[in-house]
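Everything below concerns the one structure shown next.
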Amino acid sequence: MEETEKTTISIAGRAYPLILSKKEVVMARMVEARINETFNKLQIDYKITDKLDCLALTLVTLQLESETEDRKNVHHEENIQLEKSISEIEALLKL
């Protein structure tokens, strides 16, 4: 069983206690930084004063980025499979 530890992350100035594995703590710190970076940028760019509105916009922004990245990965995997199939067909045609 993996060891867990108590940690706290801060999102938009509010603290959230978590119990995570050591690997998850590192990921949580990266996520915390990314969320706060996006939150602060949106707050400045759009002059948002309501934290809940800014958090909602942060969520939408990060999710859209995630979906875009997921689609790129799927297309990349499809391209690799397609190239492999083309190579197999070419090899068969040379016989």
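Would you pick out the residues in region 5-49 that are exposed (fewer than 11 other Cβ atoms within 10 Å of the Cβ) and part of a strand (DSSP E or B)?
Hits for region 5-49 are K6, T8, R14, A15, P17, I19.
Quickly run through region 33-55 and pick out the residues that are of a type outside the set (D, E) and free of Cβ contacts under 8 Å to residues at least 24 places away in the same chain.
So the first thing to find is which residues in region 33-55 are of a type outside the set (D, E), and the list is 33-36, 38-44, 46-49, 51-52, 54-55.
Scanning region 33-55 gives A33, N40, K41, L42, Q43, I44, Y46, K47, I48, T49, L52.
Do we find that L62 is among the aliphatic types (A, V, I, L, M) and surrounded by 10 or more Cβ atoms within 10 Å (Cβ to Cβ) in this structure?
It is true that L62 is among the aliphatic types (A, V, I, L, M) and surrounded by 10 or more Cβ atoms within 10 Å (Cβ to Cβ).
Would you point out which residue out of L82, L20, L59 is in contact with a helix residue (DSSP H, G or I) (Cβ under 8 Å, 6 or more places away or on another chain) and aliphatic (A, V, I, L, M)?
Among L82, L20, L59, only L20 is in contact with a helix residue (DSSP H, G or I) (Cβ under 8 Å, 6 or more places away or on another chain) and aliphatic (A, V, I, L, M).
Laboratory data are not the source of any read-out in this text; all were calculated from the coordinates shown. Remember, it's a predicted structure, so these values are computed and weren't measured experimentally. Virtual Cβ from ideal backbone geometry, glycine too; neighbours counted across all protein chains shown.
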